[in-house]
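Reviewing the structure listed below.
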């Protein structure tokens, strides 16, 4: 059993949670439509610790959403988590962002497809069954009217995440269900981080890097 600080910054949702034995006992997050993580993250961490009268050294591990997602958001979250884990000499745990997003919902039948906005009509996505087990691993894909049609022909498919929002008008089928206002969160990380802690599945704090899925692209300035 463990006391774990969970940090999730891979999207516009800046989320910090404190979890005990796999249950989230404190959650602070903010999603105002921009990336204010650099200003908010350390404040949220301090508030999480104060909520239980804890010091950082009282933690058993630090967990961070590893991606895929925003390049800037991931850099901020991972660098903060690494710095804190190193400072208190506690293990660093990485949690799959798409799996944490998928765990936002429970379904009795069908397929869960979490999607994180990339750019234009591209998303980072994965496919999970109703037990939140991988059917297909993370991919960067461009969405068109043919996307997921074979799955939709056989199952209800639940799309969620900010990447799913821009797909509503493109993916059309009676089996397509779009779940609004769902983002990767430290709350859903709690159980996943506890699992990894019990398995002693820790990252090398010095060398761990976010899972970007694709190279960061710099858009040239218009002259």
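The values are calculated or read from the model by the stated rules, or taken from the named source; none is laboratory data. The structure displayed is predicted, hence computed values, not measured ones. We place every Cβ from the backbone using ideal geometry, glycine too, and count neighbours over all the protein chains shown.
Can you pull out the residues in the range 148-192 that are outside any helix (DSSP H, G or I) and over 23 Å from residue 11 (Cα atoms)?
First, pick out the residues of the range 148-192 that are outside any helix (DSSP H, G or I): 148, 153-161, 166-185.
Within the range 148-192, 148, 153, 154, 155, 156, 172, 173, 174, 175, 176 qualify.
Yes or no, residue by residue, for (1) surrounded by fewer than 24 Cβ atoms within 10 Å (Cβ to Cβ); (2) at pLDDT 95 or above; (3) not in a strand (DSSP E or B):
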site	(1), (2), (3)
54	yes, yes, yes
72	yes, no, yes
78	no, yes, yes
84	yes, yes, yes
93	no, yes, no
99	yes, yes, yes
104	yes, yes, yes
116	no, yes, no
123	no, yes, no
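Taking the condition surrounded by fewer than 19 Cβ atoms within 10 Å (Cβ to Cβ), modelled with pLDDT of 95 or more and either in contact with a helix residue (DSSP H, G or I) (Cβ under 7 Å, 6 or more places away or on another chain) or under 30 Å from residue 44 (Cβ atoms) (or both), does residue 159 pass? Spell out how you get there, then give the answer.
Values: surrounded by fewer than 19 Cβ atoms within 10 Å (Cβ to Cβ): no; modelled with pLDDT of 95 or more: yes; either in contact with a helix residue (DSSP H, G or I) (Cβ under 7 Å, 6 or more places away or on another chain) or under 30 Å from residue 44 (Cβ atoms) (or both): yes.
In short, no.
Need the failing condition index for residue 150 against (1) surrounded by fewer than 19 Cβ atoms within 10 Å (Cβ to Cβ); (2) touching a helix residue (DSSP H, G or I) at 6+ places or on another chain (Cβ under 9 Å), just the number.
It is condition (2) that residue 150 fails.
Is it the case that residue 40 is touching a residue at least 12 places away in the same chain (Cβ under 8 Å), in a loop (DSSP other than H, G, I, E, B) and within 18 Å of residue 183 (Cβ to Cβ)? Don't jump to the end; show me each part of the working.
Numbers: touching a residue at least 12 places away in the same chain (Cβ under 8 Å): yes; in a loop (DSSP other than H, G, I, E, B): no; within 18 Å of residue 183 (Cβ to Cβ): yes.
For residue 40, the condition - touching a residue at least 12 places away in the same chain (Cβ under 8 Å), in a loop (DSSP other than H, G, I, E, B) and within 18 Å of residue 183 (Cβ to Cβ) - is not met.
Quick check on my filter: what residues within the range 1-21 are crowded, with 17+ Cβ neighbours inside 10 Å and farther than 19 Å from residue 82 by Cα?
Matches in the range 1-21: 12, 13.
Taking the range 193-223 as the search range and keeping residues that are at pLDDT 95 or above and in contact with a helix residue (DSSP H, G or I) (Cβ under 6 Å, 6 or more places away or on another chain), which one is farthest from residue 13 (Cα to Cα)?
Out of the qualifying residues, it is 205.
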